[in-house]
Amino acid sequence: MAWQQNMERHGSIGLALLLLMTLLTAGRTASAQPASPDFGRYHAVVIGNQSYRHLDELPTARADAQEVARLLEERYGFKAELLLDADRDRILWTLSQLPSRLTNPERDSLLIYYVGHGHLGRGGAGYWKPVDADNASDSQWIPTALITNILKTVRAKHVLVVTDSCYAASLQLPDEARLRESREERLRRLLDSPSLTVLTSGSERPEQEYGARHSLFARTFLSVLHDNRDVLSGRNLFERVLQPVYRSTGKLPRYGHVVKNAHEQGDFLLVPRHLQENLSRHDVRRPAPPPRQLPPAPIPESAPAAVLPAPPSVKAAQQQPKQGDIMINEATGMELVYIEGGCFKMGSAAGEKGRFAWEGPVHEVCVSGFWMGRHEVTQEQWEKIMRGNPSGFKKGGKHPVENVSWNDAEEFFTRLNKRSNGAYRLPTEAEWEYACRASGAGKYCGGDNPDVLAWHEENSSRRTHPIGGKQANAFGLHDMSGNVWEWCADRFDKDYYATGGVRSNPRGPSGGGERVVRGGSAGSRVQNCRAAFRFRNQPDYREDLLGFRVVMQNN
């Protein structure tokens with residue numbers, strides 16, 4: 001482009017060199033000794049999914065990821081971790097380890113590159129699809145909201161996500177008033193202020209050109225990184241890929257901050273190795289003249305006004321969460337959804353079909369906010385904590401663990417809490433029904449159609465099925481009705497409702513040996529999968545269709 005040629009004619013390398021030397025020595029006294037600038041440590045996780053088990057193969061994904069990792073390491077000094085044909089567990093495990101691996105919020109910078117299948121759903125949800133995903137169920141998909149949540153807990157100064165796929169997030173470019181500052185002021189701000197930014201290709205999967213070695217987005221991205229000799233911000237990177245990608249694919253890339261806090265207005269800076277080395281050898285005490293302000297690349301007038309849909313706000317568990325926020329348990333990979341507290345009508349009315357007397361009378365109950373497992377605890381999650389697998393239906397790690405007693409579940413939580421940040425436990429009966437109903441009045445957990453919502457005796461062949469195979473309720477929870485019975489923390493008393501129990505955060509009767517189970521199972525009659533149905537078992541009782549899900553209290 002003309003403005004890029006103009007930049008090269010004016011010696012951009014030397015200009016950036018002097019500018020960064022001025023920035024990195026700002027505030028030093030005249031007597032201070034010169035010191036080498038500290039660019040910190042560059043880290044990258046590069047994911048290339050090509051050979052899908054149930055979806056179309058993406059012929060360039062592995063080559064794209066390998067070349068991105070190589071270029072980042074050789075030209076920019078990154079320490080890159082390469083994941084090829086990675087399944088859901090491997091991706092989430094790698095990402096969940098980042099908060100413990102990157103520990104210096106002043107020196108660490110992190111870049112995530114993903115190429116693979118993705119999906120933008122109704123309501124603004126976005127997903128990456130690992131190699132074990134299929135289109136029949138989203139249980140193996142990875143919500144981009146979950147990725148955002150993990151990255152917000154990483155103690156790195158700058159984080160950049162580049163995805164040759166989709167990413168659902170509310171993205172915001174710096175405002176125009178900030179862009180009028182001098183280049184020295186702007187670069188100082190970008191260096192000093194934290195950032196979490198996303199660059200997306202604008203497509204749900206890589207756009208291919210027959211016979212080409214790289215996807216159309218990757219080809220442009222790699223070309224920009226290869227030819228760059230200057231300090232390159234995330235926004236500069238976006239401006240350089242915008243028009244070539246739009247011309248070749250018809251899709252509009254997007255870039256911006258994932259909105260966090262107003263004061264976090266930095267940007268990711270890619271500094272080539274040769275420039276880092278030159279700065280390290282140079283006497284950094286000399287000031288630099290003010291550089292020329294470079295205009296941004298124009299956005300094509302014919303481009304559609306594409307805006308990435310935004311999912312519910314996602315925050316780390318230690319911050320004040322909101323309804324629909326997602327977090328991940330670092331020890332098992334379990335996904336939890338935040339459920340805001342509120343009041344609801346608990347129990348069933350006298351005329352409801354299949355009702356037992358101990359389901360009533362209907363009474364108002366209020367609960368505080370809590371985190372709840374999106375799915376029932378699976379066999380592979382159980383094995384990560386308990387080592388063995390007691391399940392009668394050993395069909396695979398994604399099936400719910402069962403043949404678990406109440407006492408077994410309590411031992412699971414004792415061990416889980418030693419390896420996790422947070423206090424995990426069984427839900428109270430009130431929390432369970434509140435989460436099941438999800439602010440609705442349906443007979444089952446999420447509506448009135450049990451075949452859509454639940455595995456029960458008429459559609460399950462009386463065996464468990466992989467988690468997430470049925471429609472979620474309005475809170476994003478799967479299998480609250482059916483699949484396996486779920487233990488609750490409370491003791492059981494058939495007269496507890498009638499005697500006027502506690503209204504606020506009830507925890508059941510103080511006496512009695514039996515414990516509550518809820519939700520029905522794959523072997524249950526349909527009416528026993530209702531939201532109000534409650535049953536009981538002794539705490540040491542086990543059976544093949546009896547499992548549980550987790551709650552983490554919000555302190």
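The values are calculated or read from the model by the stated rules, or taken from the named source; none is laboratory data. Note that the structure is a prediction, hence the values are computed from the model and not measured. We place every Cβ from the backbone using ideal geometry, glycine too, and count neighbours over all the protein chains shown. Please note that ligands, DNA and RNA were not included when accessible areas were found on the heavy atoms of the full protein model with its side chains. Shrake-Rupley method; radii C 1.70, N 1.55, O 1.52, S 1.80 Å.
For the condition buried (at least 16 other Cβ atoms within 10 Å of the Cβ) and modelled with pLDDT under 85, what is the one hit in Arg186, Arg205, Arg180?
One residue alone meets the criteria, Arg186.
Residues being touching a helix residue (DSSP H, G or I) at 6+ places or on another chain (Cβ under 9 Å) and either hydroxyl-bearing (Ser, Thr, Tyr) or in a loop (DSSP other than H, G, I, E, B) (or both): count how many of those fall in segment 525-554.
Residues flagged as touching a helix residue (DSSP H, G or I) at 6+ places or on another chain (Cβ under 9 Å) and either hydroxyl-bearing (Ser, Thr, Tyr) or in a loop (DSSP other than H, G, I, E, B) (or both) within segment 525-554 amount to 12.
Out of all the residues in segment 399-419, which are assigned to a loop (DSSP other than H, G, I, E, B) and not polar (S, T, N, Q)?
Answer for segment 399-419, where residues must be assigned to a loop (DSSP other than H, G, I, E, B) and not polar (S, T, N, Q): His399, Val401, Glu402, Val404, Arg419.
Out of Glu457, Glu429, Glu486, I need the residue that is touching a residue at least 60 places away in the same chain (Cβ under 8 Å), in contact with a strand residue (DSSP E or B) (Cβ under 8 Å, 6 or more places away or on another chain) and more than 26 Å from Trp141 (Cα to Cα). Which one?
Every option except Glu429 fails the conditions.
Are there any pairs, at least 6 apart or on different chains, whose C-beta atoms fall under 7 Å, with the first in segment 223-235 and farther than 14 Å from Val68 by Cα and the second open to solvent by 10 Å² or more (accessible area, probe 1.4 Å) and hydroxyl-bearing (Ser, Thr, Tyr), and if so, which?
Pairs found: Asp230/Ser12; Gly234/Tyr255; Arg235/Tyr255.
Among the residues of segment 345-366, is there at least one that is of a type in the set (D, E, K, R) and buried (at least 20 other Cβ atoms within 10 Å of the Cβ)?
Yes, segment 345-366 contains at least one residue that is of a type in the set (D, E, K, R) and buried (at least 20 other Cβ atoms within 10 Å of the Cβ).
When Ser524 is evaluated against the numbered criteria (1) of a type in the set (Gly, Ala, Ser); (2) open to solvent by less than 20 Å² (accessible area, probe 1.4 Å); (3) within 29 Å of the chain's Cα centre (by Cα), which criterion, by number, is the only one it fails?
(3)
Being more than 23 Å from Asp132 (Cβ to Cβ), part of a loop (DSSP other than H, G, I, E, B) and either more than 23 Å from the chain's Cα centre (by Cα) or among the hydrophobic types (A, V, I, L, M, F, W, C) (or both) is true for just one of Gly392, Gly422, Gly396. Which residue is that?
The match here is Gly392.
If the requirement is being free of Cβ contacts under 8 Å to residues at least 24 places away in the same chain and surrounded by fewer than 16 Cβ atoms within 10 Å (Cβ to Cβ), which of these qualifies: Arg62, Arg53, Arg70?
Arg70
Is there a residue in segment 369-378 that is open to solvent by 30 Å² or more (accessible area, probe 1.4 Å) and under 26 Å from the mean Cα position of the chain (by Cα)?
No: segment 369-378 contains no residue that is open to solvent by 30 Å² or more (accessible area, probe 1.4 Å) and under 26 Å from the mean Cα position of the chain (by Cα).
Quick one: which strands (runs of 3 or more DSSP E) lie wholly within segment 325-364 and hold at least 1 residues that are within 20 Å of Leu416 (Cβ to Cβ)?
326-328, 335-339
Within segment 467-475, is there a residue that is over 35 Å from the mean Cα position of the chain (by Cα), in a loop (DSSP other than H, G, I, E, B), among the charged types (D, E, K, R) and surrounded by 15 or more Cβ atoms within 10 Å (Cβ to Cβ)?
no
Which of the residues belonging to segment 208-235 are crowded, with 23+ Cβ neighbours inside 10 Å and of a type in the set (Gly, Ala, Ser)?
Ser215, Ala218, Gly234
Show me the helices (runs of 4 or more DSSP H) entirely contained within segment 8-103 in which 3 or more residues are basic (Lys, Arg) and modelled with pLDDT of 70 or more.
61-76
Give the residue that is most open to solvent (accessible area, probe 1.4 Å), with candidates limited to residues of segment 87-120 that are of a type in the set (Lys, Arg) and under 15 Å from the mean Cα position of the chain (by Cα).
For segment 87-120, the residue satisfying everything is Arg90.
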